[in-house]
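Single-structure report; data block below.
The values are calculated or read from the model by the stated rules, or taken from the named source; none is laboratory data. Predicted model only: the values in this text are computed from it and were never measured. Ideal geometry is used to build each Cβ from the backbone, glycine not excepted, and the neighbour counts take in all protein chains shown. In case anyone asks, the SASA skips ligands and DNA or RNA and just uses the protein heavy atoms, side chains included. Shrake-Rupley method; radii C 1.70, N 1.55, O 1.52, S 1.80 Å.
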Amino acid sequence: MSNLPNGAVQLSSQHQKLTRLKFLRRVMFMIIGSALVSVALEVFLVPNNIIDGGIVGISIILSHLSHFPLGIFLVLLNLPFLLIGYKQIGKTFALSTLFSVILMSIGTTLLHPVQAFTIDPLLAAVFGGIILGIGVGLVIRSGGSLDGTEIVAILFSKKSPFSVGEIVMFFNFFILGSAGFVFGWDHAMYSLIAYYIAFKMIDITIEGLDQSKSVWIISDEFSKIGDSITSRLGRGVTYLKGEGAFTGDDKKVIFSVITRLEEAKLKSIVDELDPKAFLAIGNIHDVKGGRFKKKDIH
């Protein structure tokens with residue numbers, strides 16, 4: 001350390017400080033996420049005999065049949081998968097998941113005596129699903145998980161032609177179906193509603209309402225369109241070289257990244273400058289660096 005320039009030492013100290021802040025931020029979101037999941041389960045879903053998918057759903061069924069606290073099953077059923085995840089997926093992910101699961105277990109135990117917020121199963125499914133999805137999404141964004149079946153799905157996907165989502169859906173098909181035999185088919189259908197809403201809220205929480213979108217535009221008016229995107233949306237533009245497969249003509253391809261809220265404005269810019277332009281828009285999970293900063297639309 002003593003042989004490094006002073007500037008290097010200062011940068012190292014600054015990096016450590018940022019890393020610590022990032023760690024505390026992750027822990028905070030895990031705590032908030034686990035708390036929200038606990039509220040969703042004990043205040044909305046469980047009192048109305050509505051289950052979630054995965055280990056949480058199995059735990060709710062076992063807790064109902066055995067009359068043991070839900071928190072016990074949440075920890076016990078997740079432990080074997082956490083051990084597998086520790087060896088196969090990574091220490092950080094496994095420890096983050098264990099921390100979140102323990103918090104969720106404690107939260108459900110503390111909230112168990114609390115009276116249900118509503119006895120209407122539809123309202124419970126809708127609002128319980130919303131809160132559950134936000135909570136799970138916050139934990140996932142922080143690098144953890146709340147369900148051991150996701151770990152199994154990740155491992156199975158490496159040795160099978162099925163994706164992680166398909167494997168999780170396969171598990172949940174049987175778990176949600178079993179709710180019909182335990183709680184009745186009406187409650188199984190309410191469980192499906194809650195699961196679907198939670199699934200969508202997880203996506204929104206992870207990606208954000210301002211979801212990023214990639215844009216490809218092929219137009220002879222590429223210069224005017226590119227300048228308008230830069231000046232009116234405040235987005236950086238990259239010109240790529242392309243060649244038409246049919247004509248063999250050289251083409252300029254405009255590439256940019258916008259937000260979901262800017263999509264309509266972008267389309268109006270393209271229609272205004274070249275109604276015949278080729279436009280393709282796709283979703284992007286994450287964006288970092290460059291000129292991707294939120295600016296006013298005009």
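Surface composition of segment 62-113: carbon and sulfur atoms hold 75% of the protein heavy-atom accessible area at a 1.4 Å probe. When the Cα convex hull of segment 172-233 is projected onto planes of every orientation, the mean area is 6.9 nm².
Size descriptors for segment 32-90 (Cα atoms only): Rg and Dmax, in that order, 12.5, 38 Å. Extension gain, residue 271 to residue 110, is 52.3 nm, computed as 0.36 nm per intervening residue step minus the present C-alpha separation. Sorted from longest to shortest, the spans of the Cα atoms of segment 198-248 along the three principal axes equal 48, 30, 12 Å. Heavy-atom accessible surface of residue 196, to the nearest 10 Å², is about 130 Å², with a 1.4 Å probe and all protein chains retained. When the surface is traced with a 1.4 Å probe over the full set of protein chains, residue 29 keeps roughly 60 Å² accessible.
Note on segment 69-165: Cα Rg divided by 2.2 N^0.38 Å, N the number of residues, gives 1.21.
With a Förster radius of 25 Å applied to the beta-carbon distance between residue 160 and residue 182, the computed FRET efficiency rounds to 0.25. Averaging Cα coordinates gives a centre for segment 188-259 and one for segment 64-128; these two points are 37 Å apart. The length gained by stretching the chain between residue 281 and residue 239 to full extension, at 0.36 nm per residue less their Cα-Cα distance, is 13.5 nm. Using Cβ point charges alone (K and R +1, D and E -1), the dipole size of segment 33-163 about the Cα centre works out to roughly 540 debye.
Measuring nothing but alpha carbons in segment 82-122 and taking Rh as the Kirkwood radius, the Rg to Rh ratio lands at 1.26.
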